[in-house]
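These notes are about the structure you will find just below.
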Amino acid sequence: MSSVKKQDAKPICVIAGKDRFLIEQQIAGLVGQLLKPGEIQMCLWRAEADKVSAAEVFDDLRTLPFLAKRRVVVLMDADDFVSNNRELLERYFESPATTGVLILAVSTWPSNTRLAKSLPKVGQLIEVSQLKSKTLAAYISDYAKQQHIKNLSFNAAYLLMELAGDEPGMLCSEVDKLAAYTNSAKAITEKDIAALVGHNRVFSAFEVIDSMTAGKTAEAIEKLRMMFQSDGDAEYTVVGAFAWHFRRMFSASAMLQKGLSPEIVSKKLRIWNGDEFFGTLKKMPLEQVGDCLKQLTEIDYGIKTGRTTAQTAIEAMIVNLTSNIL
């Protein structure tokens, strides 16, 4: 992900990317370089692009700034604005305002357009790419350190990603909560994350599996029903949550059969709840884990074709599995 340097500030900046949180961070950093804190109220105009006209935008850019060097106009979600006002923007790119800076936030910026080809002469393109797993873990670890002076190990970062998803904004929000939760502690640990963030579909799915492998049919079904009651999206996500756990169990079981130690397996698969995980795994042979994965594939197909519902199908799987626990 590219970033802005002070010497790079130009009359036009296009920030292209699909993650709103990361785009907002780029905008905040750029505005902070262009305007002093006391200038923001008078010299910054920020708007959703579909709610303003091109005339309003250009008029504001050409208005002399009040007690400042420049005015800044930020247009969010500007893809349609660019498409609808392409000729006007092309003319503006040829002669931008001398005391105005235009920031366009778009999801894409095709390189084969006249605007894209003329941008380097008068401005800059900042491409905000999606953060991949390893980069995202480093990103939220750095965020914890910079914003809260908290250590967040890579294993803890990966656990947080597994439990809370892969949206940078959501993850940073969870780090904020964890920083408050851990109070004066210097680090945010896996235990902290499991305690505070763990009550979601991934963590709950493991609790259901744990009850399943213990042969506790009623308890497993009750926990599953609680998942559906507490999560409105469960019908669409619960199969994936169970499949994620069973895939890890299958991989771990295969590694153990090859003679790898639980410690090495934990490190390779980033298993944070080792005692619980391996305790559950001992109750299910590899063949049974594989059968569960096969059932989940069939359940997923049945849901997509309207033949069953997630809750009904997984309850049936629970009953079938608990009646065959060795």
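The numbers here are math on the coordinates, done by the rules we state, and not lab data. For clarity, every value in this text was computed on a predicted model and none was experimentally measured. Heads up, the Cβs are rebuilt from the backbone with ideal geometry, glycines too, and the neighbour counts pull from every protein chain shown.
Compute the FRET efficiency between S107 and V319 as 1/(1 + (r/R0)^6), taking r as their Cβ-Cβ distance and R0 = 41 Å, and round to the nearest 0.05.
Working: r = 46 Å, r/R0 = 1.11.
Calculated transfer efficiency: 0.35.
Before anything else, pin down the relative contact order of the chain: Cα pairs under 8 Å, at least 6 apart, normalised by residue count, whole percent. Please report the intermediate quantities before stating the final value.
Values: 429 pairs, mean separation 49.1, N = 326.
Relative CO of the chain lands at 15 percent.
Taken along its three principal axes, the alpha carbon spread of region 167-294 comes to 44, 35, 25 Å, from the longest extent down to the shortest.
Under a point-charge model restricted to the Cβ atoms of Lys and Arg (+1) and Asp and Glu (-1), what is the dipole moment magnitude of the chain relative to its Cα centre, in debye to the nearest 20? Mind dumping the intermediate values first?
Numbers: 39 positive and 39 negative charges, 230 e Å.
It works out to roughly 1100 debye.
Compute the angle between helix 168-182 and the longest alpha-carbon principal axis of the chain, please, reported from 0 to 90 degrees and rounded to the nearest 10. Once rounded, one gets 70 degrees. Positive-end ranking of N155, A218, P96 along the dipole of the chain, with charges on Cβ about the Cα centre, is headed by P96.
Under 5 Å from the amide H of V128 lie the amide H atoms of A16, G17, each residue being 5 or more positions distant or on a separate chain, with H modelled from the backbone and absent for Pro and chain starts.
Is there a quick way to get the dipole size of region 171-326? I mean about its Cα centre, with the Cβ of Lys and Arg at +1 and of Asp and Glu at -1; what is the value in debye to the nearest 20?
Result for region 171-326 is approximately 440 debye, rounded to the nearest 20.
Tilt of helix 286-304 relative to the longest C-alpha principal axis of the chain, in degrees (0 to 90, nearest 10)? Between helix and principal axis, roughly 50 degrees. Using the Cβ-Cβ distance between T99 and D233 with R0 = 41 Å, the FRET efficiency computed as 1/(1 + (r/R0)^6) comes to roughly 0.30.
Which FRET efficiency, nearest 0.05, do I264 and D300 yield, Cβ-Cβ r, R0 30 Å? Mind dumping the intermediate values first?
Values: r = 31 Å, r/R0 = 1.05.
The calculated FRET efficiency here is 0.45.
For the chain, the mean residue ellipticity at 222 nm estimated from helices alone is -19000 deg cm²/dmol, where every DSSP H run of n ≥ 4 contributes -39500 (n - 2.57) and the total is divided by all residues, rounded to the nearest 500.
Taking the Cα centre of region 173-326 as the origin and placing charges on Cβ (Lys, Arg +1; Asp, Glu -1), which of L293, G240, L321 is farthest toward the positive end of the dipole? Result: L293.
Extending 7 Å from the Cα toward the beta-carbon at both S153 and Q130 defines two label points whose distance is 2.9 nm. Note on region 46-185: with charges restricted to the Cβ of Lys and Arg (+1) and Asp and Glu (-1), its dipole about the Cα centre is near 600 debye.
Helix 133-148 and the longest principal axis of the Cα set of the chain meet at an angle near 70°. Using +1 at the Cβ of each Lys and Arg and -1 at the Cβ of each Asp and Glu in region 197-326, identify which of I271, L256, I209 lies farthest towards the dipole's positive end. Going by the Cα projections, it comes out as L256. Select one label from (1) 48, 47, 36; (2) 78, 49, 36; (3) 70, 43, 40: the one whose number is Cα extents along the principal axes in Å as derived from the coordinates shown. Recomputing Cα extents along the principal axes in Å here gives the entry labelled (2). When the chain is treated as a Gaussian network with alpha carbon springs shorter than 10 Å, the biggest mean-square fluctuation among L224, L171, L35 belongs to L35.
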